[in-house]
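Asker: Below you will find the structure I want to go over with you.
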């Protein structure tokens, strides 16, 4: 899905130079074109993204255009793995800095010269990903900035994520359905990435474009947030929000942000709540092909509250009932909390992380209890088959002992879940 507001690209002609040089040369002419990376500062650091980037820019590799052209066989369609508002993404292979080392697979994003997004997003992504670093954020390896006979060339080189995006696995029927446990782990990893940006990074970052297509998955299905072209620094000390043009994706942007242009970390929390319901239902936030009453996901799920028996009707049928009903109900309640109309009532992402860990534990406990019951019943059946000559009273005693043990196990699991739920109540 496309962004619902764009800007006009005002790229100028530069010779090939590094991103820091681009920033320095324009410092005296700071205008709306550069302000995406020079926002009103951060509540957690006196230094902004540009200042921190100057310090860390040496970690990024500067590629020549020819290097990346060769890495993708002249940007062959055979190597194309994705396309968005920014441009096309290709799989490529580059030579590592270390001599005699094996080539490294990478994802190369190339700016579409005729596209509606341009240099401003490219520069934002270089600078933000040049500063932030977390296991649940995609790693930027380097970039290319060249103006020549081929026109303006802006490219980004990322680590390659072999399992594509959450969007692909959740909505594309060509992929196997994601198991319940995997969905929870993806939600947890994505939440940890947002919590780092909001609360742990030296400079607070508002992601502003959280959605399934921007959650990439590595070979182990570990999620990493990508595409920082719309990211902004958090508000300066003493301010409650950043005032900005409304940008994002239909179906994911918080209503308070759309109405006022006031951007906060709670805008990301709303978007996270939308994705939680997508994980539960296997439906997109907006689907025009469905009946009118089901086109908008958030309006549809309101008819099936988590505490009712009807709730199971919204669960993704591709799960085939293989999920924890208690965990699913709790996940829906967490989503509802994230989707509070009042931004102040939405939880912090660190709180969301804590609750997701508890939901995973609840689901694991339920699965363990079910497996224990099945195994114990099988063992008891085998015992009865071997003991056909035993007295009926002995068989009866064995079954009563077995049922008593199962009762103790279930009661113990219930107590653990109750304690987890009590600890997990969001303030």
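Asker: Out of 91, 10, 23, report the one residue that is modelled with pLDDT of 50 or more and either assigned to a loop (DSSP other than H, G, I, E, B) or touching a helix residue (DSSP H, G or I) at 6+ places or on another chain (Cβ under 6 Å) (or both).
Answerer: Answer to the selection: 91.
Asker: Okay, next question. Test each condition in (1) assigned to a helix (DSSP H, G or I); (2) surrounded by fewer than 16 Cβ atoms within 10 Å (Cβ to Cβ) for residue 98 and report the one that comes out false.
Answerer: (1)
Asker: May I ask you to list the residues in segment 340-361 that are farther than 22 Å from residue 136 by Cβ and either crowded, with 19+ Cβ neighbours inside 10 Å or within 16 Å of the chain's Cα centre (by Cα) (or both)? Can you show your working first?
Answerer: Filtering segment 340-361 for residues farther than 22 Å from residue 136 by Cβ gives 340-345.
Once the filter is applied, which keeps residues that are farther than 22 Å from residue 136 by Cβ and either crowded, with 19+ Cβ neighbours inside 10 Å or within 16 Å of the chain's Cα centre (by Cα) (or both), segment 340-361 yields only 343.
Asker: Let me ask something else. Look at segment 286-313 and say how many of its residues are over 20 Å from residue 330 (Cα atoms) and surrounded by 12 or more Cβ atoms within 10 Å (Cβ to Cβ). Can you show your working first?
Answerer: Start the filter on segment 286-313 by keeping residues that are over 20 Å from residue 330 (Cα atoms), which leaves 286-296.
Pick out the ones that are also surrounded by 12 or more Cβ atoms within 10 Å (Cβ to Cβ) and you get 286-287, 290, 294-296.
So the answer is 6.
Asker: Taking the stated definitions as given, is residue 278 surrounded by fewer than 18 Cβ atoms within 10 Å (Cβ to Cβ) and in a helix (DSSP H, G or I)?
Answerer: In short, no.
Asker: Filter segment 101-138 down to the residues that are surrounded by fewer than 16 Cβ atoms within 10 Å (Cβ to Cβ), outside any strand (DSSP E or B) and within 23 Å of the chain's Cα centre (by Cα) and list them by number.
Answerer: 133, 135
Asker: Let me ask something else about it. Tally time: how many residues in segment 64-95 are without any contact (Cβ under 8 Å) to a residue 12 or more places away in the chain, crowded, with 17+ Cβ neighbours inside 10 Å and under 21 Å from the mean Cα position of the chain (by Cα)?
Answerer: Number satisfying all stated conditions: 0.
Asker: Given the criteria surrounded by fewer than 17 Cβ atoms within 10 Å (Cβ to Cβ) and under 20 Å from residue 138 (Cα atoms), does residue 233 qualify?
Answerer: The answer is no for residue 233.
Asker: A further question follows. Looking at segment 152-169, which of its residues are within 18 Å of residue 273 (Cα to Cα) and either without any contact (Cβ under 8 Å) to a residue 40 or more places away in the chain or over 13 Å from the mean Cα position of the chain (by Cα) (or both)?
Answerer: None - no residue of segment 152-169 is within 18 Å of residue 273 (Cα to Cα) and either without any contact (Cβ under 8 Å) to a residue 40 or more places away in the chain or over 13 Å from the mean Cα position of the chain (by Cα) (or both), so the list stays empty.
Asker: Further, regarding this structure: Quick one: is residue 169 at pLDDT 95 or above and surrounded by fewer than 20 Cβ atoms within 10 Å (Cβ to Cβ)?
Answerer: Details: at pLDDT 95 or above: yes; surrounded by fewer than 20 Cβ atoms within 10 Å (Cβ to Cβ): no.
When the stated conditions are applied, residue 169 does not pass them.
Asker: Could you list, in sequence order, the residues of segment 140-151 that are in contact (Cβ under 8 Å) with a residue 40 or more places away in the chain and assigned to a loop (DSSP other than H, G, I, E, B)?
Answerer: If the condition is that a residue be in contact (Cβ under 8 Å) with a residue 40 or more places away in the chain and assigned to a loop (DSSP other than H, G, I, E, B), then 150 is the only one that fits.
Asker: Within segment 56-63, is there a residue that is farther than 21 Å from residue 131 by Cα and touching a residue at least 24 places away in the same chain (Cβ under 8 Å)?
Answerer: At the first step, the residues of segment 56-63 found to be farther than 21 Å from residue 131 by Cα are none.
Within segment 56-63 (the criterion being farther than 21 Å from residue 131 by Cα and touching a residue at least 24 places away in the same chain (Cβ under 8 Å)), the answer is no, since none of the residues qualifies.
The values are calculated or read from the model by the stated rules, or taken from the named source; none is laboratory data. As the structure is a computational prediction, the values presented were derived from the model and not from experiment. Cβ coordinates were reconstructed from backbone atoms using ideal geometry, including for glycine residues, and neighbour counts include every protein chain displayed.
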